[in-house]
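Below you'll find the structure, written out as structure tokens, and then a few comments.
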Amino acid sequence: DAVQVKAAELLDGGVAQAFVSCASGHPVEQANSVFLDTFGLDEETVASRPLQSLTAGPKTDIVSWHKMLSSASQGVSQTVRTVLLSARGDEVHCKVAAVPVLSEGGGEVGRILVSFETSESVPSSPLVVRPQPTSAFGVGNSSAASAV
């Protein structure tokens, strides 16, 4: 499932979100204020930095993290549960959803909407990939999905 570019926007209430590029390292293009507050960052620090360098910590399974973002880059939504790390050194227990966002023309994935739903009930074990039922992305076969 992919989100149409016109339907994809960051929300400033409740859920930390960021748009990241499909390019190598998945640099952050834009982040909402909840993301900045959750991870103890400011806009200048976040701009064009790889998402992993801003959020990953010692309990983050980097292989699963890369699989999630790679799948989203290819048009397949993925959700993982993990413990990330804020710039202050605080553990951030959350469910992370990576949702592909179609480019203006709608023929390919242009960027990824990443949402971080914080929860104290998330186990402190490494990432566990829990794919959501989705179909592979295909031109002309996209359905608008609501952002998590």
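Bear in mind that the values in this text are calculations on the coordinates, not laboratory data. Keep in mind that what you see is a predicted model, and the values were worked out from it rather than measured. With ideal geometry, Cβ positions are generated from the backbone for all residues, glycine too; neighbour counts draw on all protein chains shown.
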| field | Environment charge of residue 50, counting only residues whose C-beta is closer than 15 Å and scoring Lys/Arg +1, Asp/Glu -1 | value | +1
| said: I'd like the Karplus ³J(HN,Hα) series for the stretch 85-100: coefficients 6.51, -1.76, 1.60, θ = phi - 60°, whole numbers in Hz, and an x wherever there's a Gly or Pro. | reply: 9, 7, 5, 7, x, 7, 6, 10, 7, 7, 9, 10, 10, 10, 10, x
| request: Excluding residue 16 itself, calculate the net charge of residues whose Cβ lies under 9 Å from the Cβ of residue 16, where each Lys or Arg counts +1 and each Asp or Glu counts -1. | output: -2
